[in-house]
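To keep things clear, I will list the structure first and then write my remarks on it.
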Amino acid sequence: MNLIISVSFFALSLFYGIVGGYFVFKDKNRCIGILLILAAIILAVLDFCSIQQINRIEKYSNIAKMQPCGSDVCPGKYIHFTGGLGGDLQGTYTKDGNKFTYNCSDESINKLISITENYPDFPFSYYGLATCKKDRGIDGWEVYAKKAIEIFEQTTKIDDHNSCHDDALKDLRNDLNYTKEDWEYWFNKVF
């Protein structure tokens, strides 16, 4: 809808600009044309921003509700995952109460790498890889941390996201030793 309004304003601005060139009141019409062009640009930017928000919600709304176990509800005494993301994550972490700890064995790291390939928008697999590789002193952990941050930046903008996304984002930023100002600069540069 905003796109139609933007195009209409743009067409009107062209009309007033052209008409202004042929009549005595060209300065007045030219000003109206410039104002309409500015209105069209503003509406186009607002439309673009709302489209980005819709795309973010569409892509990340389910992921934003997930915990590191790959679901909004984690396995326990009566709940077990046999397949899908939750099943694939089995064995890559231990859970003690509300605290998740990644198992950093070679097998677990390989499993997390496979999960990033099968579920590229799930941020906790990147988070787990960054954590394990950093703890084991393996180079390249920063790549996984930055990818996780990129996704967490999107999921934490969704209203009903799980708070563990905020915690993981904070942990990764601390691990990379970036200040809030550094992240605001980077985020504003990208978006």
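The values are calculated or read from the model by the stated rules, or taken from the named source; none is laboratory data. This one's a predicted model, so the numbers in the text were calculated from it and none came from an experiment. We place every Cβ from the backbone using ideal geometry, glycine too, and count neighbours over all the protein chains shown.
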Quiz prompt | Pairs, first among the acidic types (Asp, Glu) in the range 52-72, second modelled with pLDDT of 85 or more, C-beta under 9 Å, six or more apart | solution = 72/62; 72/65; 72/66; 72/162
Quiz item: In the range 127-140, which residue that is surrounded by fewer than 24 Cβ atoms within 10 Å (Cβ to Cβ) and without any contact (Cβ under 8 Å) to a residue 24 or more places away in the chain is nearest to residue 54 (Cα to Cα)?
Solution: 140
Self-check item: Residues of the range 93-108 that turn out to be closer than 18 Å to residue 137 by Cβ, hydrophobic (A, V, I, L, M, F, W, C) and under 24 Å from the mean Cα position of the chain (by Cα), as a count
Solution: 0
Exercise. Read through the list (1) closer than 30 Å to residue 132 by Cβ; (2) modelled with pLDDT under 70, then give the number of the only condition that residue 85 fails.
Key: (2)
Self-check item: Boolean, residue 71 is touching a Gly at 6+ places or on another chain (Cβ under 7 Å), outside any helix (DSSP H, G or I) and surrounded by 14 or more Cβ atoms within 10 Å (Cβ to Cβ)
Solution: yes
Quiz item: Looking at the range 141-173, which of its residues are in contact (Cβ under 8 Å) with a residue 40 or more places away in the chain and hydrophobic (A, V, I, L, M, F, W, C)?
Solution: 151, 158, 164, 168, 172
